[in-house]
Amino acid sequence: MSTDTEYMARALRLAALARGKTSPNPMVGAVIVKDGQVVGEGYHHQAGTPHAEVLALGQAGERSRGATLYVSLEPCCHFGRTPPCTEAIIKAGVSRLVAAAPDPNPLVAGKGLQILQRAGLSVQSGVLEKEARRLNEIFFKYILARQPFVTLKAAMSLDGKIATRSGDSKWITGSEARDLAQQLRVENDAVLAGIGTVLADDPLLTVRLPGEEKKPLRVVVDSSLRIPLESQIVKTARDYPTVVAGVKGRCSVGKKELLSGRGVEVWELPASGGQVAIQALLDKLGYREVAGLLLEGGSTLNASFHEARAIDKYLFFIAPRIIGGDRAPGPIGGEGIEVLQQALDLKSLQYQRVGSDLLITGYPELTG
């Protein structure tokens, strides 16, 4: 492992400390090295706070002059919620900059590196770029498409069932897997489920981790506003941001007013095949600055996203138990395919033991 790689790996570890905290901004870490010693480091804590480079420069002080700055994403060169980092880097007298990946934001997109190079810095990019892109996969998708990065999370038995024939699904996986699923809610801006899940399980869709205060947007896809007023989601809508997405023309004015009066935001969206159009929903969420969306649907809603090729990442928690039954649902319903050549192959597979369960992560070929 080269010295540049070692320091960049340190910058990436720092960036990851803010996982789930910076949206819609990226996670960024910075390390300043002079004469073989780390003299400053920092990471972006949350949107609106100082960037990683500024924190690292502040810690290094005068030792920044003539030093090398390692940063996990190209420094910004525009005014946003904070001033451009390129100005601070030049003013501090840094002599060399090493970036992991270019910033995909069209306002930056290589311009930051060019500004620093024209100012006389030695500039290098691409060190641990694949790892940097994976760390900020949510940001990269959102900033380029203005739609959220969609992660499907499903818990199933070894024979591929997400519930019994009666709909019982609590709990297929163990406590460790459920804790990790809670962490996934922290890492995303919104959690989405279908009306079928709400009617069957009456979930809260909140983060239930000790000390965690994040409240991701709760989204229920409910074409004709069937959600019960006594459901946990509706009863807690004043405490947790909540959206119910219905189909335009199928939402009764009376039910919409009742939901709105309880703090629920109702979206009336175009239909596709009689159901909420997935792309219209994603566009609306993107406009709402939802960068990361966790899909916790049942087999029907999962199938809608899957068939629309709207899922960027698949997470399958597999428990070592057998449920069986022709009427027990799998994670992705719908009509399915006729021949195996039509199957979606996942790439960049990762395998992780989570308690007694197995977590398999994969990406569609186009996004992996």
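The values are calculated or read from the model by the stated rules, or taken from the named source; none is laboratory data. Just so it is clear, the model here is predicted, and its values are computed rather than measured. Cβ: placed from backbone, ideal geometry, glycine included. Neighbour counts: every protein chain shown. Each accessible area value is taken on the protein alone, full model and side chains, heavy atoms only, with ligands, DNA and RNA left out. Shrake-Rupley method; radii C 1.70, N 1.55, O 1.52, S 1.80 Å.
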Between the range 302-368 and the range 169-245, what is the separation of their alpha carbon centroids in Å? 21 Å
For the range 64-70, in order, what is each residue's ³J(HN,Hα) by Karplus, 6.51 cos²θ - 1.76 cosθ + 1.60 with θ = phi - 60°, in whole Hz (x at glycine and Pro)? 5, 5, x, 8, 9, 10, 9
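Among Ser348, Ser166, what's the order by accessible area (1.4 angstrom probe), most exposed first?
Ser166, Ser348
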Computed log₁₀ I(q)/I(0) - Debye formula, equal Cα scatterers, no solvent, the range 175-227, q 0.15, 0.27, 0.28 Å⁻¹: -0.45, -1.08, -1.12
With θ taken as phi - 60° and the coefficients 6.51, -1.76 and 1.60, list the Karplus ³J(HN,Hα) couplings across the range 299-314 in order, rounded to whole Hz; mark glycine and proline as x. 5, 6, 5, 4, 5, 4, 5, 4, 5, 7, 6, 9, 9, 8, 8, 10
Total charge of the residues flanking Pro228 in space, meaning their Cβ is under 10 Å from its Cβ, with Lys and Arg +1 and Asp and Glu -1, is 0
Counting other Cβ atoms within 10 Å of each Cβ, which trypsin sites (Lys or Arg not before Pro) in the range 1-105 have at most 11 and sit in a DSSP loop? Arg81
Quick one: if you stick a label point 7 Å off each Cα along the C-beta vector at Ala47 and Lys214, how many nm between them? 1.3 nm
Reach of Lys284 by Cα under 17 Å, taken over aspartates and glutamates that are not fewer than 8 positions away in the same chain: Asp189, Asp222, Glu265, Glu268
Only Cα pairs under 8 Å and at least 6 apart count here; give the relative contact order of the range 116-191 as a rounded whole percent. 14 percent
Those residues of the range 154-189 whose amide nitrogen sits under 15 Å from the label point placed on Arg353, 7 Å along Cα→Cβ: 176-177
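Roughly how big is the chain's charge dipole about its Cα centre, with Cβ charges of +1 (Lys, Arg) and -1 (Asp, Glu), in debye to the nearest 20?
Details: 43 positive and 39 negative charges, 109 e Å.
Dipole size: approximately 520 debye.
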Express the Stokes-Einstein translational diffusion coefficient of the range 46-160 in µm² s⁻¹, to the nearest whole number, given a Kirkwood radius over alpha-carbon pairs, 20 °C and a viscosity of 1.002 mPa s. 139 µm²/s
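So what is the relative contact order of the range 171-252, in percent, for Cα pairs below 8 Å that sit 6 or more residues apart?
Working: 108 pairs, mean separation 23.7, N = 82.
Computed value for the range 171-252: 29 percent relative contact order.
Pairs Lys255/Lys313; Lys153/Lys235; Lys111/Lys248: which exceed 32 Å Cα-Cα?
Values: Lys255/Lys313 35 Å; Lys153/Lys235 25 Å; Lys111/Lys248 43 Å.
Those over the limit are Lys255/Lys313; Lys111/Lys248.
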Summed side-chain charge close to Leu285 - residues other than Leu285 whose Cβ falls under 11 Å, Lys, Arg +1, Asp, Glu -1: 0
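If each residue of separation counts as 0.36 nm, what is the full-extension length gain between Ala145 and Val339 once their alpha-carbon separation is subtracted? Before the final figure, lay out the partial values.
Working: separation 194, 0.36 × 194 = 69.84 nm, distance 3.14 nm.
In short, 66.7 nm is gained.
At 25 °C and 0.890 mPa s, what whole-number value in µm²/s does Stokes-Einstein give for the translational diffusion of the range 269-368, with Rh from the Kirkwood sum over Cα pairs?
Details: Rh = 15.5 Å.
Rounded, D is 158 µm²/s.
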Please list, in order along the range 320-327, the HN-Hα scalar couplings obtained from phi with the Karplus expression 6.51 cos²θ - 1.76 cosθ + 1.60 (θ = phi - 60°), rounded to whole Hz, x for Gly and Pro. x, 9, 10, 9, x, x, 5, 9
Once the Cα gyration tensor of the range 238-323 is diagonalised, semi-axes √(5λ) in Å: 26, 16, 15
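Among DSSP bridges having both ends in the chain, what percentage is antiparallel? Round to the nearest 5.
On the way: 24 of 60 bridges.
Antiparallel: roughly 40 percent of the beta bridges in the chain.
Taking the Cβ of Leu158 as the center, what net charge do the other residues with Cβ under 12 Å away carry, scoring Lys and Arg +1 and Asp and Glu -1? Intermediate values should be presented prior to the final figure.
Numbers: positive: Lys161, Arg321; negative: Asp159, Asp357.
Residues close to Leu158 contribute a combined charge of 0.
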Among Leu346, Ala109, Gly274, the residue whose Cα sits farthest towards the positive end of the charge dipole of the chain, when +1 is placed on the Cβ of each Lys and Arg and -1 on the Cβ of each Asp and Glu, is Ala109
Note down the nm distance, to one decimal, between modelled labels 7 Å out along Cα→Cβ at Leu17 and at Ser272. 4.1 nm
What relative contact order, as a whole-number percentage, does the chain give when Cα pairs under 8 Å and 6 or more residues apart are counted? 15 percent
